[in-house]
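Notes to accompany the following structure.
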């Protein structure tokens, strides 16, 4: 089979399209014929080995060389074979999954409990846009912000992969949602259900927005202390990510948010995305949202498998609206 193999940290050119042996599913595993994948910041952080401080953290990027030779955390495809003990899936089933790596290939093995049936309403390309971004958004909205009907939620970075799902999930929970994005993306977030839009190119939302129950911050653009001004005294500041940097960012921003949460009345939470049985259960929940029509995908660009490094370069610019997906031939 063909796969993009990474031997050393660096630019997208370090992803080498290589012929390797097709994996065989072990006990409790499912071999998936990948039909589509997508690009996430998670992938290019592992590609670049940045921020460098993350190389020295437990379970990090790898100190001298990548810990994951095949990147790609989003998988959508068909079951090709199953290992012993697998009972929920059989060959031919259409599935999707959030994995730690292996998506930039034609085949990969996935533990059964990480797989979920692909939403019937989505194509493989649309389904590939879901796992990392939508699971992250679900955890941020459902678990960390604990959004309830009637609350006011502000989503900073609403036009990106996680943001487009976060604003829709908040709306599905019955919240009134204000989206922060650039002028060019205002129509997109409105089409996804945002009640109000703040254009960050014209206004600083930390100076004009007040009285929110939750701030879900994907862009990480404001300081922690400026961000808390938009919240009610009992509000919650949920940080999903932040501006990337070579050495420390967004780790330094997350540390500042943690400190704020200890000193201010508002609660502060750093969203952690589960990859394992919990993400498999979350995808089952998300499938219901997609098939009911409550949530949809926003796909900015589609690339062929041969164009995957180019797709990574585009996502690294930070200008993608929604998701960038790859068709795996």
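Any read-out appearing in this document is the output of simple, stated calculations on the displayed coordinates, not a laboratory observation. From a predicted model like this one, the values you see are computed outputs, not experimental measurements. Here the Cβ positions follow ideal geometry from the backbone for every residue, glycine too, while neighbour counts run over all protein chains shown.
What to note about this one:
- Full-stretch length increase - residue 204, residue 225 - with 0.36 nm per residue and alpha-carbon distance subtracted: 6.2 nm
- Ellipticity estimate at 222 nm from DSSP helix runs (n ≥ 4, -39,500 (n - 2.57)) divided over the chain, nearest 500: -7000 deg cm²/dmol
- Projected label points at residue 65 and residue 87, each 7 Å from Cα along the beta carbon direction, are separated by 4.1 nanometres.
- Among 270, 218, 141, the largest mean-square fluctuation in a Gaussian network model of the chain, built with springs joining Cα atoms closer than 10 Å, belongs to 270.
- Averaging the Cα positions of each part gives two centres, and for the stretch 111-158 and the stretch 268-306 these lie 4 Å apart.
- Bridge orientation summary for the chain: considering DSSP beta bridges with both residues in this region, about 50 percent are antiparallel.
- Shape category assigned to the stretch 65-134 from the gyration tensor of Cα positions, a/c cut at 1.5: oblate
- Efficiency of FRET between residue 294 and residue 27 - r from beta-carbon atoms, R0 25 angstrom, step 0.05: 0.10
- Residue among 134, 186, 214 with the largest mean-square fluctuation in a Gaussian network model of the chain, springs linking Cα atoms under 10 Å: 186
- Exposure proxy ranking, count of Cβ atoms within 10 Å, fewest first, for 167, 6: 6, 167
- Judged by the ratio a/c of the largest to the smallest principal axis of the C-alpha gyration tensor, the stretch 162-227 counts as oblate, that ratio being 1.5 or greater while a/b is no larger than b/c.
- Cα-based shape type of the stretch 120-200, given that a ≥ b ≥ c are square roots of the gyration tensor eigenvalues and the cut on a/c is 1.5: oblate
- Percentage relative contact order, the chain, counting C-alpha pairs under 8 Å, at least six apart: 19
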